[in-house]
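Read through the structure below, which is laid out as C-alpha cells, and then see the notes.
The values are calculated or read from the model by the stated rules, or taken from the named source; none is laboratory data. Keep in mind it's a predicted model, so treat the numbers as computed, not measured. Cβ sites come from the backbone with ideal geometry, for glycine too, and all protein chains shown count toward neighbours.
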Amino acid sequence: MIRLIYRKTYTSIVLMLLFSLQAFSQNTVTGKVTDAKDGSPVPGVTVTVKGTTTAAQTQSDGTFSLVAPAGSTLVFTSVGFTTQEAPVRSGAVNISFAQSNQQLNEIVVVGYGTQKRKEVTGSITRIGADKIANVASPSFESALAGKAAGVSVSTSGGTAGSGAVVRIRGISSISVQGDPLYVIDGLPIDATYLNGPTRSTLGQDRNPLANINPNDIESVEILKDAAAAGIYGSRGSNGVILITTKRGRGRGKLDFSTRVGLSTYTVKPKYVDKNTWLAIRQEAWENDGNTGPQQNLPGALGGYSLSKALADPATDWWDMATRTGVSQAYNLSYSKGTKKFNIFTGGSYSKEQSYLVGNDYNRIGLRANVDYKPTSKVTISANAAYNSGISHLINNAWNGGLGLAMSTALPYYQVYDDNTGKYFKGVSDYNWDPGGSFYNFKAQSENKKFRTAEQRYLGGLTGSYKVTKNLELKGIVSVEQNNSVFNSFTSAFYTNQPFGNAEDNFNKYTNYQLQANAIYNLEINDDHKFTFLLGSEYQEQETKNRYVFVDSTSSPLYDGGKNNVYDTKKDAAKFVTNFQKRFQSFLGRVNYNYLGKYFLQASLRRDASSKFRENNRFAYFPTVSGAWSISDEDFMDKLKAFNYLKLRAGWGLTGNDGLPWNAGYPSVNTGRNEGDNYGNNPTIYPSNLGNPDLKWETSSNLDIALEFGVLKNRISGELGVYRKQSRDLLLDVPITIYNGAGDRQWQNQGKVLNEGIEFTLNTINYKSEDFTWSSNFNIAHNFNEVTDIGNLLPDAIMGGTNETRVVPGYSIGTIFTVRYYGVDPADGLPIYLDRNGNQTKVLNVNPRTGDKVPIANVLPDFTGGITNTFKYKNIELNTLFTFQGGGHIWDNSGKRSMGYVTDWNIYAFMAGNYWRKPGDIAKYPKPTLKGYPGVEGSYWDNNSSVQIYDASYIRLRELSLSYIFPQAMIGRWKMSNAKAYISAYNLLLFTKYPVGDPEGGRDGEDDAARNQSPNANFLNPPLQKSFNVGINVSF
Amino acid sequence: MHYIKSFLKIAPVALLIATVSSCHKIQITPTGTTPPAEAYKTEADIKDLINSGYSPLAGNNFYGGRVQKISEYLADAAEGAGVTGYEGDIFNYKTNPNSGTQDIYKEPYIVILRANTTLENLALVTSGIAARENYEGQAKFLRAVCHFELVKLFAQPYGYSADNGHLGIVIKTKSEFEPGKGRNTVKEVYDVIIADLMAAQELLPAVNSIYPTKWAAKGYLSRVYFQMNKFDSAYKYADQVITGSNATFDNTPNFVTNRFSNPVTSEAVFSLVNESDNTVRFEPLRNNVNPKLGMNLPINLTTYFTGTANAADLRKAWYTDSNGVHGINKYMKPNFILPLLHITELKLIRAESAASSATNLPTAIADINDITNRAYGGAITPLAMNATASQILSRSRQERKLEMIYETGDRLQQIKRIGAKGEPSTSHGNAPWNCNGIVLQFPAQEFNVNVNFLPNPTGGCL
C-alpha cells in the first residue's frame, strides 16, 4: 500500500516537473466558448493545439485553459458544433461556437464511427438533443416529424405511449417490417421482444421505443441511403436511425428539467344526436317495407323499448370516455469530464396521461455512461441504462375504448339499467363471442383492466486501444434485457360467471452483441487520406414467453406494478422460447479523401442470419459512393456567393430479414403439450409448412444529391434524388387451405420501386444583433410502385382488414374496392361502377369475378415540414408546421355509419345528405336496416370508394416560446443556464377529412397492415393535442 | 513500401477480429418443433399423431359448435331475425368470400392432413397387425367424416344433379402440399367417403376405447347412404349397428338428460370426449343455447311451440324461455361427452329408410314407437302395426325433427336430402332446398391463390 502511494506520488511529481518544464517555453492560453445561438457557455468542447496532442476541455462555464506555443492555432471541436480554429494571441481567446446542422464541419455519427459533415458521402440527417428532450411525448421518434426530408413520421393515435410509423424514403417491404433499424450506442434494438401476439395489444400498436428516455439522447442520426445505411447490410433497407446517448464532459454540471402538461384530442368526429339517430332508423324501417313504429331497436333482447329510447335523456359517451389528460416529467442528470474519467448519469420520471379515460404511460429511467482513460492509448467505456414503462391500457377501440363512442354506444343507451340499478349491458351483436360485448363505456372501463409493464436494461462495455497513432482497435459487448408483461383482468360482472378471469402474458427478451473492429488511418503526403474499417459482429436474440390464463379469479395477477400476485397456475407455467435469432457479420469500409475535396467510400458487409437455411444463409451487401466538394475548387473562387457546394452520389445493396424465426423450417409439433391433449393422451401434428428456400429481400439503391450553402450559409440546403429497387420481397403469402397445412407460407416474391426527390432549405431570413429569424423547410416526393407480385390476385395480400392491397402497377397499399357512383334518385339505392365502368346496383366483391379495382393511393404525394425560429434577445419562438398532400384515407368504419343502419352511430355529415324520397339527389343512399339488395354479405362487406377521403393536411405540430434567463440573473443561484418555456403540440389542423384526425392509423394488426394501411381508420382515437410548461436549469 | 508494412501490421488484427465470431454457429432449429423427416420415428409417434386428429374434430370450429351453428342458421329452427354480421350472412343465405366461413372450412382439412400423414407412416407400427389396422381404420374414418361434413356444407347435396357431376370440394388423400387443385365432383367425393368408411368398418375393432369402432364406421355409412337417399344400404348399416353393437337404446325417462352427459349415454355409437379437467371443451355448444349468456342461437316461435305443444313430451325439457326469447338447452352440463352418432338417430334412419323403400315396415314401426313411447309415455297413440309406409314416413320425420333438434346440423341436411329425393322442401323464408345461397361460399383465400378453384354461385334463396 505504502509502496503504491509512493509510486503514485512519484509519478505525479515527474509529470508535474515535465509539465512545468514545458510551461517555461510556452504560454498558458485561456478563453471562453459560448454558444453562437444564445451566448450561453458551452462545456465539453475539446480545444486542441493544432498539430499536437495537447488538448483541454471547456468547463461548465465554457472556460478553458491550456498551454500552447505562441503563434500556434487552437482547434475547437465538439459533436454537433462546427469545428473552429483561432490563433493563439495575447489575452483571452473567446469563441462564439456555432451549433447548427447547416454547418459543414459538423461531426456526424455514421455507422461504426464519426465523420465530418463535409466528408460524408451518404444521406444523413442529424437531430440534436435540444430537438428531442423537451418534446411532450414519451417516445423520441415523434420528435423527428417534419424535421428531415423524406422521413415520414405519423403518430399512431391518441393513446399514451403509442408509437409512430416511421418510414424513410417510402416503403419497400410488404409483409415484413418497414421500420428503420434502430441502433442505440451500437446495439441494434427492434420490436422483436414484442414478437407474437403482444406487438399489437388491444388494437394499439405497442411501441418498442417508448421506454427509451429522450433525455438521455445526445443525437439522432437518420441514415437514409445505401451509402450511409449500407454498412448495416441486411437490415438497412428501410434506413437506419442511430441513437447516441450523452457522455460526460466538462466540469461537473447538474441539469434539471421538468415539464407539466395538459392534453386533449385534436378533433372530435361528429355523429348524429339521439333523436336524429332514431329518426333515421325509423326511415330505414319504413324504407324496408315496414309500417308503424320501428321495432327490434338494438340494445335489448327482443328489442329495446322505443318509447324509453325517446324519453330517456341522451348519454354523451364521448364525454364519458375522454378527459383532460395531465402529464408531468422530471429529469435530473449530472455530467463531468476529467482527464481520465467522463461520467454522465441521469434519472427521469414521467407520467403521461392521455385524454382517454383510464389510459396512461409511466416511465422511470436511469442511466450511467462512464469513460475511463487509464492511459492515452486505452479507453474503456461503460453504458448502463434501466428503463421501466408501465402503461394502463383501454380495451380495443371498437370494444371498449373511445371507439365505443364512435360505434356501438348509441346515444339512447343509459349508463345504468333501470331495473337492476347496475350497469346497462346491452346485448351482444357478436354471437360468436358469448361473453357479450358491453356497449357501456363505464361498465367496460371498470370491469376490464389492462396493463403492460416493461423493464428494459441496456448495457454496453467498450474497450478501445490505440495501437499506434493511426490504428485503433475496439471491442464492444452490448446486452439488452427486456421483460415485458401484459396483464388483463375481467371482472365477474363482465364475464357473467361466478368469477372473473385474468391473463398474464410475459415476454422475456435478451439481446446481446459482440463487436470487434479496427480503424486505421493512413495519410500519404497530406493529399491522400484513407480510413479503413474492418469489423466483425455477432448478435443473438431470444424471446421466451409465459402465458397464463386464470378463469376463476376476482383480481388481476399483478399488484401495484410489482407483479407479485401469486397464483398456482402462474407459478406452474413454463417459459417457452418463441423466438431465437443468431446473426453474424463481417464488414469493411474504406474512406478515401483526396485533397480534402474528393471523397470516396466503399463498403462491404457479409451477413449470415439463422432465419435462412444453409443454402441462402449468407449474403453480401456492397456500397460505393463519392462526394465532390466543388466549392473547394479554384474555379469556384469566382462564384463567391457559393461558399459551399458539394455533389455526392452513391449506390449500394441493402436487405431485410424481418421474417418470423421459423419461416424457413417445415416442422412437426412434437412438444406433446398438455393443452393439445385429446382424451388425456398426447398429440403430435404437422405445424408449419415452412419454406426452406427463403432468401434475403434486397434493395438496390441509387442516390444523387447536391448540397449547397450561399451567402455565408445564410441560405443552405440540399437537393437529392434517389431510386430504390427492391426484389425478392419477403411475402407472407396465403396458401390453399385444403392442404390443411395452415393459411400462409413465406415466399420471396415481388418487386417494388421507390423513386423520389427531396429538398431541404435552411435560411437565416433576418439577422441583427438582437433579432434572428431562421427557417428550415423540407419537402419530399416519393413515387412507389409494385412492379411485380407473381401470380397473386390483388386480394391475396391484405393490409389488415382494410381494403388496402398490393396490385402490380400501383403503390403499396393501393385501395382496392368497388367504385361508388352515387344514388339512384328514383329508388335511393346505391349505384356502383362495375369493372368496365358501367353502372350497376350490385356490389360484387368476388375476388375472381367482382368489380373491385385499384382506385386510390394511401401514400402521400409529398410530405414535409417548415420550422421557423424567431429569436429576440433571450426570447425564442419556434413553430413547426408539418404537411402531407395527395394521399388517401380508407375509412374502414364508415360502412356502418353512412346509410346501412345497424347498431352503430351515424356520421353527422351523412344526415344532411341522404336520399329520402324519389327525385332526391343525394350523396348517400336511403337508410336501410336489412341492407341493400345488391350487396352480397352483411354490412361488413358494404365497402366501396365512398369510404375514401383525401388525407392531405397541414398541422401546427409544435409551437414553443422559450426564455433564456440572463447570466446576471441566474448567476447568483450558481446556475450556469436556465430556460423556461411553454409549448403546444398539434394545436392547429387544416384538413378536409370529415371523420377525425387524418394522421394516425389503425396500424396495430400486423407488419403488413403497418406497411399497407398507414392511415386507414377504424374508430381510431384522434391524436393528442397538448399544452406544456417547463423549465430547464443547469448548475 | 512503408504503407505495405502498415497493412501487414493490420492483417493479424483482422484475422483476430474474424475469429471473434466464427466460433459461433448460427444454425438455430426452432424449439418445440421437429423437422418432418425426424418427427415420425416410432409407433408411439403414430399413436400420438392419429390422436391429434380428434382435437380439432372436437374443437370449437368443428363439432364443438360451429357445424351445428352454421347448419341451424341455414335450416328452419333457429331465429335469426336480429342476427347481424357474418352470422347474418349465413342466416340470410348470402355468404360471400369474406363471410367468415374460413374456420369451418379449414378445420376438417387439418384433420385430413393428420389422417393422411398417419396413413403414410403406418410402416412404423410394428407391434402387430391389429394396431396397424386400428390406426389405418381411424385415419380413414376421420378422413371420411371430414370430407362428408365439408361436402354437405359447401356443395349442393347428392342428388342435386342427375349424375352428381356438380362441384363438390377438393378431395385430399395424401399429405403432400398440392397447390392449384380444382374442386372434385360430388360423386367423386361421396365415392371416396364410402370407400374410406368401407375400409374402416373392416379395419376397426368392435371396442376401441374412446376412438371409433367398426360400429362407428358402419353407423356413418348408414348416415352417408341415407343422405344419398340410398335406403337399402342406409337400412342395412343402421340395422347392423342397432343389432350388433354394444350401444343400446336408452329407454328411461332420463334420456333427455343422459344424451349429453358424462358418463356417456348408452346410445353412443361414436362420441367425442370431454376430459374431466377440461372446462372449455364444447364451450360454444353450451353457450349457443345458454340464455344466461345472452341467447346465442335462439329458436323461432314455431319451433318452440311445436316442441312444447305436447305437455306429456319429456323432450319439452330441452326448451327454454327467457323473457320471450327461446332456446334449446341440450348442452347445458358443464361437462358432457358429445355423441356424434347415437341409436336414436340410427333408429330414425332405419325407420325412414324402411318406409321410403316400403320394406321391413314392422321394424320401422317398432323403431318409431320406441321413440314416441319413450318421449310421450303413451300420451300419444303409437303407430299401428299395420301403419302404411307414408304414415311411418310422416311420423318418422316429425319425430326426427324433435329428437335431433340442434344436433350435428341434422335438420339442414334433412331439408336438402328430402329436396334431392324429389319432394317439396324448403328452409326458413321458404328458401328452396337447392337455392344457391343455402350452400356456404368458400373463403376468399381459395380463389385468390388458385385459378383452378371455382366459387359457388350466389343468391336465389329469398
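Any idea which residue in segment A:717-742 is surrounded by the most Cβ atoms within 10 Å (Cβ to Cβ), counting only those that are within 14 Å of chain B (Cβ to nearest Cβ) and under 24 Å from the mean Cα position of the chain (by Cα)? Outline the logic, then answer.
Here is the first cut: in segment A:717-742, the residues within 14 Å of chain B (Cβ to nearest Cβ) are A:731-742.
Those still in the list that are under 24 Å from the mean Cα position of the chain (by Cα) too: A:731-732.
Values: A:LEU731: 25, A:ASP732: 19.
Looking at residues that are within 14 Å of chain B (Cβ to nearest Cβ) and under 24 Å from the mean Cα position of the chain (by Cα), I get A:LEU731.
Which condition number in (1) within 28 Å of B:ARG417 (Cα to Cα); (2) surrounded by 22 or more Cβ atoms within 10 Å (Cβ to Cβ) is the one that B:THR118 fails?
Looking at each condition in turn, B:THR118 falls short on (1).
Name the one entry in B:VAL325, B:VAL280 that is at pLDDT below 95, among the aliphatic types (A, V, I, L, M) and buried (at least 17 other Cβ atoms within 10 Å of the Cβ).
Result: B:VAL325 is the single residue among B:VAL325, B:VAL280 that is at pLDDT below 95, among the aliphatic types (A, V, I, L, M) and buried (at least 17 other Cβ atoms within 10 Å of the Cβ).
Which members of segment A:574-600 meet the condition of being in a loop (DSSP other than H, G, I, E, B), touching a residue at least 60 places away in the same chain (Cβ under 8 Å) and touching a strand residue (DSSP E or B) at 6+ places or on another chain (Cβ under 6 Å)?
Passing the criteria: only A:PHE575.
Looking for something within 14 Å of chain B (Cβ to nearest Cβ) and in a loop (DSSP other than H, G, I, E, B) - is there at least one such residue anywhere in segment A:642-659?
Yes, some residue in segment A:642-659 is within 14 Å of chain B (Cβ to nearest Cβ) and in a loop (DSSP other than H, G, I, E, B).
For segment B:420-462, which positions are farther than 16 Å from B:GLY88 by Cα, in contact with a strand residue (DSSP E or B) (Cβ under 8 Å, 6 or more places away or on another chain) and within 11 Å of chain A (Cβ to nearest Cβ)?
B:GLN445, B:ASN448, B:VAL449, B:LEU454, B:ASN456
Give the residue, chosen from A:SER491, A:SER478, that is under 30 Å from A:SER445 (Cα atoms), of a type outside the set (D, E, K, R) and touching a residue at least 40 places away in the same chain (Cβ under 8 Å).
Being under 30 Å from A:SER445 (Cα atoms), of a type outside the set (D, E, K, R) and touching a residue at least 40 places away in the same chain (Cβ under 8 Å) holds for just one of A:SER491, A:SER478, which is A:SER491.
Residue-by-condition table, conditions (1) under 22 Å from B:VAL83 (Cα atoms); (2) more than 26 Å from the chain's Cα centre (by Cα); (3) modelled with pLDDT under 75:
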position: A:TYR416; (1), (2), (3): no, yes, no
position: A:THR420; (1), (2), (3): no, yes, no
position: A:PRO434; (1), (2), (3): yes, yes, yes
position: A:SER437; (1), (2), (3): yes, yes, yes
position: A:LYS442; (1), (2), (3): no, yes, no
position: A:PHE450; (1), (2), (3): no, no, no
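Is at least one residue of segment A:667-682 among the basic types (Lys, Arg), facing another protein chain (nearest Cβ under 10 Å) and in a loop (DSSP other than H, G, I, E, B)?
For segment A:667-682, residues among the basic types (Lys, Arg), facing another protein chain (nearest Cβ under 10 Å) and in a loop (DSSP other than H, G, I, E, B): present.
In this structure, does A:GLY899 turn out to be away from chain B (no Cβ under 14 Å), surrounded by 19 or more Cβ atoms within 10 Å (Cβ to Cβ) and touching a residue at least 12 places away in the same chain (Cβ under 8 Å)?
Yes; evaluated as a whole, the condition is true for this residue.
Hey, which of the helices (runs of 4 or more DSSP H) in segment B:34-115, taking only ones fully inside, have at least 2 residues that are more than 8 Å from every other protein chain (Cβ to nearest Cβ) and either closer than 25 Å to B:LYS401 by Cα or not small (Gly, Ala, Ser) (or both)?
Here the list reads B:43-51, B:54-58, B:66-74, B:85-91.
Conditions (1) closer than 17 Å to B:THR458 by Cα; (2) among the charged types (D, E, K, R); (3) over 15 Å from the mean Cα position of the chain (by Cα), marked per residue:
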{"residue": "B:ASP76", "(1), (2), (3)": "no, yes, yes"}
{"residue": "B:GLU79", "(1), (2), (3)": "no, yes, yes"}
{"residue": "B:VAL83", "(1), (2), (3)": "no, no, yes"}
{"residue": "B:ASP89", "(1), (2), (3)": "yes, yes, yes"}
{"residue": "B:ASN92", "(1), (2), (3)": "yes, no, yes"}
{"residue": "B:TYR105", "(1), (2), (3)": "no, no, no"}
{"residue": "B:TYR109", "(1), (2), (3)": "no, no, no"}
{"residue": "B:ASN116", "(1), (2), (3)": "no, no, yes"}
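Yes/no matrix, rows are residues, columns are (1) crowded, with 22+ Cβ neighbours inside 10 Å; (2) without any contact (Cβ under 8 Å) to a residue 24 or more places away in the chain; (3) within 25 Å of the chain's Cα centre (by Cα):
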| residue | (1), (2), (3) |
| --- | --- |
| A:THR760 | yes, no, yes |
| A:ASP770 | no, no, no |
| A:ARG805 | yes, no, yes |
| A:THR817 | yes, no, no |
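Which of the residues belonging to segment A:506-535 are closer than 30 Å to A:THR553 by Cα and buried (at least 20 other Cβ atoms within 10 Å of the Cβ)? Can you show your working first?
As a first pass, look at segment A:506-535 and keep what is closer than 30 Å to A:THR553 by Cα: A:506-509.
The answer is A:PHE506, A:ASN507, A:TYR509.
Consider B:GLU133 carefully, then state whether it is more than 15 Å from the chain's Cα centre (by Cα) and either on the phi > 0 side of the Ramachandran plot or in contact (Cβ under 8 Å) with a residue 60 or more places away in the chain (or both).
So B:GLU133 fits the description; yes.
Given B:LYS181, B:LYS214, B:LYS172, which one is more than 23 Å from B:GLY437 (Cα to Cα), touching a residue at least 24 places away in the same chain (Cβ under 8 Å) and touching a Pro at 6+ places or on another chain (Cβ under 8 Å)?
On inspection, the qualifying residue turns out to be B:LYS214.
Please determine whether any residue of segment A:950-967 is buried (at least 24 other Cβ atoms within 10 Å of the Cβ) and assigned to a loop (DSSP other than H, G, I, E, B).
Looking through segment A:950-967, at least one residue is buried (at least 24 other Cβ atoms within 10 Å of the Cβ) and assigned to a loop (DSSP other than H, G, I, E, B).
Can you confirm whether segment A:692-706 contains a residue that is within 12 Å of chain B (Cβ to nearest Cβ) and not charged (D, E, K, R)?
Yes.
If only one of B:ALA379, B:ALA387, B:ALA358, B:ALA375 is touching a residue at least 12 places away in the same chain (Cβ under 8 Å) and either crowded, with 21+ Cβ neighbours inside 10 Å or closer than 26 Å to B:PHE62 by Cβ (or both), which one is it?
Details: B:ALA379 fails: either crowded, with 21+ Cβ neighbours inside 10 Å or closer than 26 Å to B:PHE62 by Cβ (or both); B:ALA387 fails: either crowded, with 21+ Cβ neighbours inside 10 Å or closer than 26 Å to B:PHE62 by Cβ (or both); B:ALA358 fails: either crowded, with 21+ Cβ neighbours inside 10 Å or closer than 26 Å to B:PHE62 by Cβ (or both).
Of B:ALA379, B:ALA387, B:ALA358, B:ALA375, the one residue that is touching a residue at least 12 places away in the same chain (Cβ under 8 Å) and either crowded, with 21+ Cβ neighbours inside 10 Å or closer than 26 Å to B:PHE62 by Cβ (or both) is B:ALA375.
Does B:LEU341 count as modelled with pLDDT of 95 or more and either buried (at least 16 other Cβ atoms within 10 Å of the Cβ) or under 27 Å from B:TYR376 (Cα atoms) (or both)?
Working: modelled with pLDDT of 95 or more: yes; either buried (at least 16 other Cβ atoms within 10 Å of the Cβ) or under 27 Å from B:TYR376 (Cα atoms) (or both): yes.
Yes; evaluated as a whole, the condition is true for this residue.
Would you please list the contacts, defined by Cβ atoms under 9 Å and residues six or more apart or on different chains, that run from a residue in segment A:976-992 that is under 30 Å from A:GLY887 (Cβ atoms) and touching a residue at least 24 places away in the same chain (Cβ under 8 Å) to a residue that is among the β-branched types (Val, Ile, Thr) and surrounded by fewer than 20 Cβ atoms within 10 Å (Cβ to Cβ)?
Partner pairs satisfying both residue conditions: A:SER983/A:VAL1029; A:LEU988/A:ILE954; A:LEU989/A:VAL267; A:LEU989/A:ILE954; A:PHE990/A:ILE954; A:THR991/A:VAL267; A:THR991/A:ILE954.
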